[in-house]
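Here is the structure we will look at.
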């Protein structure tokens, strides 16, 4: 199950935040094919956002083929995203690298800048 | 059944024969299932409009329809919470809910009403007069939600509530809308607080409708631009403009696509509302005006 967190001051449209957080959960393997997304009622009760915003986000995820709505049952994950589950060896290496960066005296912004730079170099032109 | 929850045409209300108009020429249509923010400065006519929809005031002119019928005939399906949250002070909370059950035979949702009260940690045996303003609001909302209304009219429902209760009760209202398709109209001064919960806006100013429609459509119909001072903004409708040094910033209603070097951005709901409130003479944008122009 995924729990959504809405940041009112992010400047990102609320439904886009829901889409992004769902994708993030899919990438990290927190949501897997067959899992059920929370119902619109559950999401709005917890976040106090408009029900249509949730439906809009779910429609967008459905349009991208990531989830499917089953009548009367709910919305289910159809496929995962990427191959970077939360417990992969790549993550372990990244964790170790981040720890070393911190030991070397880099702060959060330094690390983010470095990471983004390398990311840009290796994934130039790829769709994000 | 009807797809329109609340409709008004030429609606006006004047208090006393020599009094001023609290509301005038009000035309609006709210589709069923929407959550509508009713916004406007003090004295704009918000409470008057809600009381007209609830059937507690009679219009001086024009007509108002709720759930496809006259307000008085729809009363059993309409929940209304007035600004002063009227309750019987000598009753206990439990008695108040029992009264709700007795007044709404056949459609009383005791579970929801009790859950709303319980979420506020209130003792059912406490008398209403011993409650704080915010606690009273909770009981009044429990009573309105227990009725399981098709249309919920809330006059400043969040004003007395602490941030936690506000979030909790707004969540409860949204859950009601998600589950039963309840149409909700709520007034507030705090636009930011409504932005994520409402999908429809009704902005009143000076007793008239200034903006009405889906929030996404209203935002998309406006643009904030920053251009060199002296730029001619015609033929676009200018809601507000300000020149600072060499720069002119404005909130526009574009008549055609804007030049790409105008650095146009979509305004936030709060910016849109504030611009219109600061400029009461700006042209109104309502579906009625679009129809008139078409």
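What the table below lists for this structure:
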quantity: Relative contact order of the stretch B:186-256, defined on C-alpha pairs under 8 angstrom at six or more residues apart (%); calculated: 23 percent
quantity: Largest-first ellipsoid semi-axes for the stretch B:216-293, taking √(5λ) over the Cα gyration tensor eigenvalues, angstrom; calculated: 21, 14, 12
quantity: Spacing of the two label points (7 Å from each Cα toward its C-beta) at residue A:88 and residue B:91, in nm; calculated: 6.0 nm
quantity: Computed over chain A: relative contact order in percent, which uses C-alpha pairs under 8 Å that are six or more apart; calculated: 24 percent
quantity: Label point distance in nm, residue A:120-residue A:3, each placed 7 Å from Cα along Cα→Cβ; calculated: 3.6 nm
quantity: At q = 0.24, 0.25, 0.32 Å⁻¹, base-10 log of I(q)/I(0) for the stretch B:150-202 (Debye sum, equal scatterers on each alpha carbon); calculated: -1.02, -1.11, -1.59
quantity: Cα-based shape type of the protein assembly as shown, given that a ≥ b ≥ c are square roots of the gyration tensor eigenvalues and the cut on a/c is 1.5; calculated: oblate
quantity: Cα-based shape type of chain A, given that a ≥ b ≥ c are square roots of the gyration tensor eigenvalues and the cut on a/c is 1.5; calculated: prolate
quantity: Peptides ranked, highest mean first, by Cβ atoms within 10 Å: ranges A:92-102, A:65-75, B:189-199; calculated: B:189-199, A:65-75, A:92-102
quantity: Among beta bridges that DSSP assigns inside the protein assembly as shown, antiparallel share in %, nearest 5; calculated: 70 percent
quantity: Inter-chain Cβ neighbour average for residues A:7-15, partner chain, 10 Å; calculated: 1
quantity: Among B:237-247, B:274-284, the order from most to least packed when residues are scored by Cβ within 10 Å on average; calculated: B:274-284, B:237-247
quantity: Residues residue A:10 and residue B:233, FRET efficiency given R0 of 41 Å [Cβ-Cβ distance, rounded to 0.05]; calculated: 0.85
quantity: Within 10 Å of each Cβ in B:164-173, the average number of Cβ atoms from other chains; calculated: 3
quantity: Where the Cα pairs of the stretch B:1-63 fall when distances are cut into 10 Å bins, in %; calculated: 21, 53, 22, 4
quantity: Residue order, fewest to most beta carbons within 10 Å, for B:26, B:36; calculated: B:36, B:26
quantity: For q = 0.09, 0.10, 0.17 Å⁻¹, Debye-computed log10 I/I(0) when each Cα of the stretch B:4-215 counts as one equal scatterer; calculated: -0.33, -0.41, -1.17
quantity: Shielding of A:38-48 by partner chains, average beta-carbon count, 10 Å; calculated: 6
quantity: Helix axis angle, B:163-180 relative to chain B longest principal axis, alpha carbon, degrees; calculated: 90 degrees
quantity: Dimensionless Rg/Rh of the stretch A:14-77 - Kirkwood Rh, Rg from C-alpha atoms; calculated: 0.93
quantity: Ranked packing of A:16-24, B:48-56, B:12-20, most packed first, by mean Cβ within 10 Å; calculated: B:48-56, A:16-24, B:12-20
quantity: On Cα atoms only, tilt of A:108-122 relative to the major axis of chain A in degrees; calculated: 80 degrees
quantity: Relative contact order computed over chain B (Cα-Cα under 8 Å; 6+ residues apart), in percent; calculated: 20 percent
quantity: Average projected area [Cα convex hull, the stretch B:1-110], square nanometres; calculated: 8.6 nm²
quantity: CD proxy at 222 nm, helix term only [per DSSP H run n ≥ 4: -39500 (n - 2.57); per residue of chain B; nearest 500]; calculated: -9000 deg cm²/dmol
quantity: Cα-based helix-to-principal-axis angle, A:14-27 vs chain A, degrees rounded to 10; calculated: 60 degrees
quantity: Cβ-Cβ FRET estimate between residue B:127 and residue B:83, R0 fixed at 30 Å, reported to 0.05; calculated: 0.85
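Read the figures in this text as sums done on the coordinates, not as results from a lab. Nothing here was measured: the structure is a model prediction, and the numbers come from that model. Please note: Cβ atoms are built from the backbone with ideal geometry, for glycine as well, and neighbour counts cover all protein chains shown.
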